[in-house]
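Just below is one structure, and these are the notes that go with it.
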Amino acid sequence: MSCVGALRGHIKCIVAVIVVALLCTAVTWFYLEQKYSALLAEEKAQYKAKKIKAAWIFVGPVEDYGWTYGHYRGMVYVNKTFDWLEVTYVEAVKEADCLKVIDRLVSEGYQVIFTTSFGYMDPTLEAAKKYPNVIFFHCSGYKRYKNMGTYFADLYQVYYLNGLIAGALTETNKIGYVAAHLIPEVIRHINAFAIGVHEVNPNATVYVIEIGAWYDPPKAREAAKTLIDVIGCDVLAFTEDSPTVVSLCEEYYKAGKPVYVFGHYSPMLKYGPDVCVSGQLVHWEVIYQDILMKIYLGIYNTTNLQNVDYWWLLKEGAVELGCDFGIPINPKFESILKSKYVEDPILGKISVYDLVFKRLAQMKEEVPTFDPFTGPLYDNQGNLRVKPGERLGHDPLWNMNWFVKNVVVWKTSGS
């Protein structure tokens, strides 16, 4: 019995130790949970109290319905999405006045400033050095600094898709392009468009007129009329920040002379329901949302932006094919595009309509299996620029200063 009693005593001791251990563990977990909850609440309160003041500088008026309107839409979107964000904008700012506007915005307490024109690049860099505690993001440039990043939603893939359609629709084999400025960005887009045209119609030529302004409806209209009336183009694309060219083509259609056109940056179907075939649409909100959230979370700060460069394409959802959101091709033109066929070395015989959507799917892949800037590509002087099988990367595309073989830059009397 003494042995049994001793055993019971040992068991009681063991149970007591276990109970004490469990109680200690429970107390410890309770303490840690309370401490974690308090820290979490404090952190949430800090984030809730944290506000970011962000400003946008626009090169054109927000009602241009092109480039500036697209950025404005993006700004409005993030302002509605983030309750911790306060926004403002300054529109129609001349490039020479950019730094003065930045000075004023900084004096008003804006901590993040987006400058949305290529010509703002140098003033933005100067401001970044002048105001080391402010974050700057410049659109479409290539100069960066510790507190200045760059970003761009590039449309070259979509211009290529527009080119496929344009090559199928032209009857004169003359296609026009109204260009704001012949800088690398616009040249890249013209070339992508012309590559698409050539793939479907090797006999077609793309004629380009430069107007020397991002937003100038009268000049855009004049250039478009020259392309139509003097050169004989029956399909147009453009880089100018208004729907002027689309409206003009609708006028020609109603007068009995169909001229088809592709919208630029914003939905333009309503300006040319009979002539706007497709176009390039941009989703700046996708980029602005990513940038601002990373600033809010402290991922981006005033010391680590030297190598931050957004160059987002179809696969990131930054751009879209369409004459309106969700309408990649005007239904009026679907049947004609389905009736025109090309012979592709890999895909075989395929309608232009199906080719457009096949290429769209390929370029949306995580690792795109197709890119229009794949060799061989020759310039319009007969020089081999891209070797067979070679695909141009970011830097050659970003610095492009030559035209593909089916492009003619038309010199007007005022050029």
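The values are calculated or read from the model by the stated rules, or taken from the named source; none is laboratory data. Small disclaimer: the values here were computed from a predicted structure and weren't measured. FYI the Cβ positions are ideal-geometry reconstructions off the backbone, even for glycines, and counts take in every protein chain you see.
Tell me yes or no: at least one residue of the range 275-291 is free of Cβ contacts under 8 Å to residues at least 40 places away in the same chain, assigned by TED's automatic domain parsing to the domain that holds Trp56 and under 18 Å from the mean Cα position of the chain (by Cα). Please lay out each step first, then the result.
So the first thing to find is which residues in the range 275-291 are free of Cβ contacts under 8 Å to residues at least 40 places away in the same chain, and the list is 275, 290.
Checking the rest, the ones that are also assigned by TED's automatic domain parsing to the domain that holds Trp56 come to 290.
When the remaining residues are screened for being under 18 Å from the mean Cα position of the chain (by Cα), the result is 290.
Yes: one or more hits.
Run Ser278 past the list (1) surrounded by fewer than 23 Cβ atoms within 10 Å (Cβ to Cβ); (2) hydroxyl-bearing (Ser, Thr, Tyr); (3) farther than 30 Å from Ile113 by Cα and report the number of the one that doesn't hold.
With (1) surrounded by fewer than 23 Cβ atoms within 10 Å (Cβ to Cβ); (2) hydroxyl-bearing (Ser, Thr, Tyr); (3) farther than 30 Å from Ile113 by Cα applied to Ser278, the lone miss is (1).
Looking only at the range 281-302, decide whether some residue is aliphatic (A, V, I, L, M) and more than 30 Å from Tyr131 (Cα to Cα). Explain how you work it out, then say what you get.
As a first pass, look at the range 281-302 and keep what is aliphatic (A, V, I, L, M): 281-282, 286-287, 291-293, 295, 297, 299.
Going one step further and asking which of them are more than 30 Å from Tyr131 (Cα to Cα), we end up with 281-282.
Yes, there is a match, as at least one residue in the range 281-302 is aliphatic (A, V, I, L, M) and more than 30 Å from Tyr131 (Cα to Cα).
What number goes with the only condition from (1) of a type outside the set (Gly, Ala, Ser); (2) farther than 25 Å from Tyr353 by Cα; (3) in the same structural domain as Met268 (by TED's automatic domain parsing) that Lys146 does not pass?
In the conditions (1) of a type outside the set (Gly, Ala, Ser); (2) farther than 25 Å from Tyr353 by Cα; (3) in the same structural domain as Met268 (by TED's automatic domain parsing), Lys146 misses (3) alone.
Of the conditions (1) under 23 Å from Ile165 (Cα atoms); (2) exposed (fewer than 12 other Cβ atoms within 10 Å of the Cβ); (3) of a type in the set (D, E, K, R), Lys411 fails just one. Which one is it?
(1)
Output the qualifying pairs, or none if there are none: Cβ atoms under 6 angstrom, residues six or more apart or on different chains, first residue in the range 83-111 and more than 22 Å from Met293 (Cα to Cα), second residue β-branched (Val, Ile, Thr) and modelled with pLDDT under 95.
Glu91/Val62
Looking at the range 173-182, can you tell me whether even one residue there is touching a strand residue (DSSP E or B) at 6+ places or on another chain (Cβ under 8 Å), charged (D, E, K, R) and surrounded by fewer than 21 Cβ atoms within 10 Å (Cβ to Cβ)? Spell out how you get there, then give the answer.
Filtering the range 173-182 for residues touching a strand residue (DSSP E or B) at 6+ places or on another chain (Cβ under 8 Å) gives 173-182.
If we keep only those that are charged (D, E, K, R) as well, we get 174.
If we keep only those that are surrounded by fewer than 21 Cβ atoms within 10 Å (Cβ to Cβ) too, we end up with 174.
Checking the range 173-182: at least one residue is touching a strand residue (DSSP E or B) at 6+ places or on another chain (Cβ under 8 Å), charged (D, E, K, R) and surrounded by fewer than 21 Cβ atoms within 10 Å (Cβ to Cβ).
One line per residue, one yes/no per condition, for (1) assigned by TED's automatic domain parsing to the domain that holds Ala54; (2) touching a residue at least 40 places away in the same chain (Cβ under 8 Å):
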| site | (1), (2) |
| --- | --- |
| Met293 | yes, yes |
| Tyr296 | yes, yes |
| Pro331 | no, no |
| Ile336 | no, yes |
| Asp344 | no, no |
| Ser351 | no, no |
| Val356 | no, yes |
| Lys364 | no, yes |
| Pro368 | no, yes |
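Of the residues Ala220, Ala213, Ala127, only one is assigned by TED's automatic domain parsing to the domain that holds Asp395, touching a residue at least 12 places away in the same chain (Cβ under 8 Å) and touching a strand residue (DSSP E or B) at 6+ places or on another chain (Cβ under 9 Å); which? Outline the logic, then answer.
Values: Ala213 fails: touching a strand residue (DSSP E or B) at 6+ places or on another chain (Cβ under 9 Å); Ala127 fails: assigned by TED's automatic domain parsing to the domain that holds Asp395.
Being assigned by TED's automatic domain parsing to the domain that holds Asp395, touching a residue at least 12 places away in the same chain (Cβ under 8 Å) and touching a strand residue (DSSP E or B) at 6+ places or on another chain (Cβ under 9 Å) holds for just one of Ala220, Ala213, Ala127, which is Ala220.
For (1) assigned to a loop (DSSP other than H, G, I, E, B); (2) among the aromatic types (Phe, Trp, Tyr); (3) crowded, with 19+ Cβ neighbours inside 10 Å; (4) modelled with pLDDT of 95 or more, each residue gets a yes or a no:
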site: Ala96; (1), (2), (3), (4): no, no, no, yes
site: Val101; (1), (2), (3), (4): no, no, yes, yes
site: Asn133; (1), (2), (3), (4): yes, no, no, yes
site: Ala166; (1), (2), (3), (4): no, no, yes, yes
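Would the range 144-158 turn up any residue that is in a strand (DSSP E or B), in contact with a helix residue (DSSP H, G or I) (Cβ under 7 Å, 6 or more places away or on another chain), of a type in the set (A, V, I, L, M, F, W, C) and closer than 17 Å to Trp398 by Cα? Show your work before the answer.
The first filter runs over the range 144-158 and keeps only residues in a strand (DSSP E or B), leaving 145, 148-153.
In the following step, the residues that additionally are in contact with a helix residue (DSSP H, G or I) (Cβ under 7 Å, 6 or more places away or on another chain) were identified as 145, 148, 151, 153.
Adding the requirement that they be of a type in the set (A, V, I, L, M, F, W, C) leaves 148, 153.
Pick out the ones that are also closer than 17 Å to Trp398 by Cα and you get 153.
Within the range 144-158 (the criterion being in a strand (DSSP E or B), in contact with a helix residue (DSSP H, G or I) (Cβ under 7 Å, 6 or more places away or on another chain), of a type in the set (A, V, I, L, M, F, W, C) and closer than 17 Å to Trp398 by Cα), the answer is yes, since at least one residue qualifies.
With the checklist (1) assigned by TED's automatic domain parsing to the domain that holds Val186; (2) surrounded by fewer than 21 Cβ atoms within 10 Å (Cβ to Cβ) in hand, flag the one item Tyr271 doesn't pass.
So the condition that Tyr271 fails would be (2).
What tally of residues in the range 303-314 results from selecting those that are out of contact with any strand residue (DSSP E or B) (no Cβ under 7 Å at 6 or more places or on another chain) and either among the hydrophobic types (A, V, I, L, M, F, W, C) or in the same structural domain as Lys358 (by TED's automatic domain parsing) (or both)?
Narrowing the range 303-314 to residues out of contact with any strand residue (DSSP E or B) (no Cβ under 7 Å at 6 or more places or on another chain): 303-304, 307, 314.
Pick out the ones that are also either among the hydrophobic types (A, V, I, L, M, F, W, C) or in the same structural domain as Lys358 (by TED's automatic domain parsing) (or both) and you get 314.
The total comes to 1.
Please go through (1) part of a helix (DSSP H, G or I); (2) under 25 Å from the mean Cα position of the chain (by Cα) for Ile113 and return the number of the only condition it doesn't satisfy.
If we test Ile113 against (1) part of a helix (DSSP H, G or I); (2) under 25 Å from the mean Cα position of the chain (by Cα), just (1) comes out false.
Could you run through the range 247-286 and say how many residues are on the phi > 0 side of the Ramachandran plot and part of a loop (DSSP other than H, G, I, E, B)? It would help to see each step written out before you state the result.
Going residue by residue through the range 247-286, those that are on the phi > 0 side of the Ramachandran plot are 256, 265, 279.
From what is left, the residues that are part of a loop (DSSP other than H, G, I, E, B) are 256.
Number satisfying all stated conditions: 1.
Do we have any residue at all in the range 226-240 that's over 21 Å from Val59 (Cβ atoms), polar (S, T, N, Q) and in contact with a helix residue (DSSP H, G or I) (Cβ under 8 Å, 6 or more places away or on another chain)?
Going through the range 226-240, the residues over 21 Å from Val59 (Cβ atoms) turn out to be 226-236.
Next, from what is left, pick out any that are polar (S, T, N, Q): 226.
From the residues that got through so far, the ones that are in contact with a helix residue (DSSP H, G or I) (Cβ under 8 Å, 6 or more places away or on another chain) too are none.
Within the range 226-240, not a single residue is over 21 Å from Val59 (Cβ atoms), polar (S, T, N, Q) and in contact with a helix residue (DSSP H, G or I) (Cβ under 8 Å, 6 or more places away or on another chain).
Only one of Ala192, Ala204, Ala255 is touching a residue at least 24 places away in the same chain (Cβ under 8 Å) and either surrounded by fewer than 21 Cβ atoms within 10 Å (Cβ to Cβ) or out of contact with any Pro (no Cβ under 8 Å at 6 or more places or on another chain) (or both). Can you tell me which?
Ala204
Just give me the residues in the range 318-365 being surrounded by fewer than 14 Cβ atoms within 10 Å (Cβ to Cβ) and within 30 Å of His138 (Cβ to Cβ), in sequence order.
Phe325, Glu365
Cβ contacts < 8 Å: first residue assigned to a helix (DSSP H, G or I), restricted to the range 55-70; second residue of a type in the set (Asp, Glu), any location; separation 6+ or different chain. Result?
Short answer, once both residue conditions are applied: Val62/Glu91; Asp64/Asp241; Trp67/Asp241; Thr68/Glu91; Thr68/Asp241; Tyr69/Glu63; Tyr69/Asp241.
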